[in-house]
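Enquirer: Have a look at this one before I ask anything.
The values are calculated or read from the model by the stated rules, or taken from the named source; none is laboratory data. It should be emphasised that the depicted structure is a prediction, and the values quoted were computed from it without experimental measurement. Here Cβ is always computed from backbone atoms with ideal geometry, including for glycine, and neighbour counts include all displayed protein chains. With ligands, DNA and RNA removed, areas are computed over all heavy atoms of the protein, side chains included. Shrake-Rupley method; radii C 1.70, N 1.55, O 1.52, S 1.80 Å.
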Amino acid sequence: MTMKIPEAVECIISRLNENGYEAFAVGGCVRDTILCRSPEDWDITTSAKPEQVKEIFPRTVDTGIQHGTVTVIMNRTGYEVTTYRIDGEYEDGRHPKSVSYTSVLKEDLRRRDFTINAMAYSHKTGIVDEFKGMDDLKKQVIRCVGDPIERFIEDALRILRAIRFSAQLNFTIEAQTFKAITVIAPNMAKVSKERIQTELTKLLISSHPEKISLVYETGISPYISSHFHQVPYEKAVKLNGRENGFLPEGKKYLRWAMFLRFAGEEQAVLVLKDLKMDNDTICKARTLVKWWDYPVKAEEESVRLLMSKMEPELFDDLLQLKMLSAYGRQITDYCKEIALIRDLIRDRGDCLYLRDLSVTGKDLIEAGIKPGKEIGDILEKMLSAVLQQPKRNTKEELLNKFVYNKAPAAE
């Protein structure tokens, strides 16, 4: 089988070969290319030691030199080149205490997590598949290399990676590998929350986010966090197993909101904070969870009021979340009606936020209001009035009504 690989990768492999060393593209890039998916990155494994790699290539970075990895820079892009290695004992359930180099490719492939990630390729040799990764790709299964208990004891993060790959590729987890996950589940407590969050996010933004149910069914969830364990996942997965796949893939906050919407605003925030999620994602997901089932009426004033609670893009996300959270033509027609009203409000340029008011804090001070809390209170009252009647958003009318206590002019 001949695979198409990037020119820079081919060049690195060829240069290593010319200097007497073996070299192959390895791991996920081989798997994804066989599956006609676009690899996120291209990793290279070689018999050359790190110092030998650095002698051959003029531009390198010692990104993981203690583990035999040197990044070779070509055309302003970095490619990780790692020496064949054998991992030593794993003392913390995450990292080997030491590594030793080997001249045998098979030994390097043996230390990898799953058979589908333990394949190597070069144009010279073709696919090197010592652990039947090709068979597992055809069968669409996730299987550990060797003894799954040993693989998961070495690195507990592999437990979540198995489920994540199952979601990304829509593969099933092989029986012995699945059983090992349930046995080693407590070791998840050794994995950092940041690493766990990364894997769960990749799972949720995949084409099969409903497979997050496996995190609960395998007994992993209590070791992620107590708040995560209490999420009513069955209801969320049952209602959105298919729909979540249609949400925009780049918006992780939207996927998290879809999953956490039945947990409620407070618990959703606690889950995301437990997982060390960034503040922007927490804020956006919190807003969506808070308002997703708000019974907004298909009337301008009601829609305007809800739109004012969040930025425009987030309101669009909320509308999509509402539509995908229920079945049937009725909810679809309802959301379409809300969308038409939204578009009318935007086209007309109705005031939705304090920044859109015709009156500013400076105007109020010039009108005789002392700086302080009263300024904010008056502006909020003005906004509330304008959300009800957008035509009232004029400087003269707002000042007359809320500062000078004059009756509004007759229309």
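Enquirer: Which links in K190/K252; K193/K309; K190/K251; K202/K251; K251/K322; K193/K273 stretch past 20 Å when you go from one Cα to the other?
Expert: Working: K190/K252 25 Å; K193/K309 31 Å; K190/K251 28 Å; K202/K251 11 Å; K251/K322 16 Å; K193/K273 10 Å.
The pairs that break the limit, which is 20 Å between Cα atoms, are K190/K252; K193/K309; K190/K251.
Enquirer: Could you quote the convex hull projected area for segment 149-219, Cα atoms only and averaged over all directions, in nm²?
Expert: Details: hull surface 16.5 nm².
The orientation-averaged projected area of the Cα hull of segment 149-219 comes to 4.1 nm².
Enquirer: Provide Rg over Rh for segment 312-365; use the alpha carbon set for both Rg and the Kirkwood Rh (inverse mean inverse pair distance).
Expert: 1.19
Enquirer: Right, another one. In whole percent, how big is the carbon plus sulfur part of the accessible area of segment 98-167, probe 1.4 Å, protein atoms only?
Expert: Working: 1250 of 2740 Å².
Of the solvent-accessible surface of segment 98-167, carbon and sulfur hold 46 percent.
Enquirer: At 222 nm, what value in deg cm²/dmol follows for the chain if DSSP H runs of at least 4 each add -39500 (n - 2.57) and the sum is divided by all its residues, to the nearest 500?
Expert: Result for the chain: -14000 deg cm²/dmol, rounded to the nearest 500.
Enquirer: Considering only protein heavy atoms, what is the solvent-accessible area of E130 at a probe of 1.4 Å, reported in Å² to the nearest 10?
Expert: Answer for E130: close to 90 Å² accessible.
Enquirer: Can I ask one more? Can you list the HN-Hα couplings for segment 379-387, worked out from phi with the Karplus curve (6.51, -1.76, 1.60; θ = phi - 60°), rounded to whole Hz and with x for Gly and Pro?
Expert: After applying 6.51 cos²θ - 1.76 cosθ + 1.60, I find 4, 5, 5, 4, 4, 4, 5, 5, 5 Hz.
Enquirer: Would you mind working out the accessible area per residue for the chain, using a 1.4 Å probe, and quoting it in Å²?
Expert: Per residue, the chain has 50 Å² of solvent-accessible surface.
Enquirer: A further question follows. Could you grab the relative contact order for segment 257-374? Cα pairs under 8 Å, six or more apart, rounded to a whole percent.
Expert: Worked out over segment 257-374, it gives 23 percent.
Enquirer: Within the set of other residues whose C-beta is less than 14 Å from the C-beta of Q140, count the net charge using Lys and Arg as +1 and Asp and Glu as -1.
Expert: That works out to +4.
Enquirer: Right, here's the next one. Determine ³J(HN,Hα), in whole Hz, for all residues of segment 297-303 in sequence, where each value follows from phi through the Karplus function 6.51 cos²θ - 1.76 cosθ + 1.60 and θ = phi - 60°; x replaces Gly and Pro.
Expert: Coupling constants for segment 297-303: 7, 7, 9, 4, 4, 5, 5 Hz.
Enquirer: Would you mind counting up the charge near S14? Only other residues with Cβ under 14 Å from its Cβ, with Lys and Arg at +1 and Asp and Glu at -1.
Expert: For residues surrounding S14, the net value is -2.
Enquirer: Counting only Cα atoms, I'd like the Rg/Rh figure for segment 1-43, Kirkwood definition for Rh. Mind showing how you got there, number by number?
Expert: On the way: Rg = 10.8 Å, Rh = 10.9 Å.
Checking Rg against Rh, the ratio lands at 0.99.
Enquirer: While we're on this one: Please work out the Kirkwood hydrodynamic radius for segment 295-411, using every pair of different C-alpha atoms, and report it in angstroms with one decimal place.
Expert: One decimal place: 15.7 Å for the Kirkwood radius.
Enquirer: Take the eigenvalues of the Cα gyration tensor for segment 39-156, scale each by 5, and report the square roots as semi-axes in whole Å, largest first.
Expert: Result for segment 39-156: semi-axes of 25, 19, 13 Å.
Enquirer: Further, regarding this structure: Please report, to two decimal places, log10 I(q)/I(0) for the chain at q = 0.09, 0.14 Å⁻¹ as given by the Debye formula with identical point scatterers on the Cα atoms and no solvent.
Expert: For the requested q values the scattering log ratios are -0.71, -1.19.
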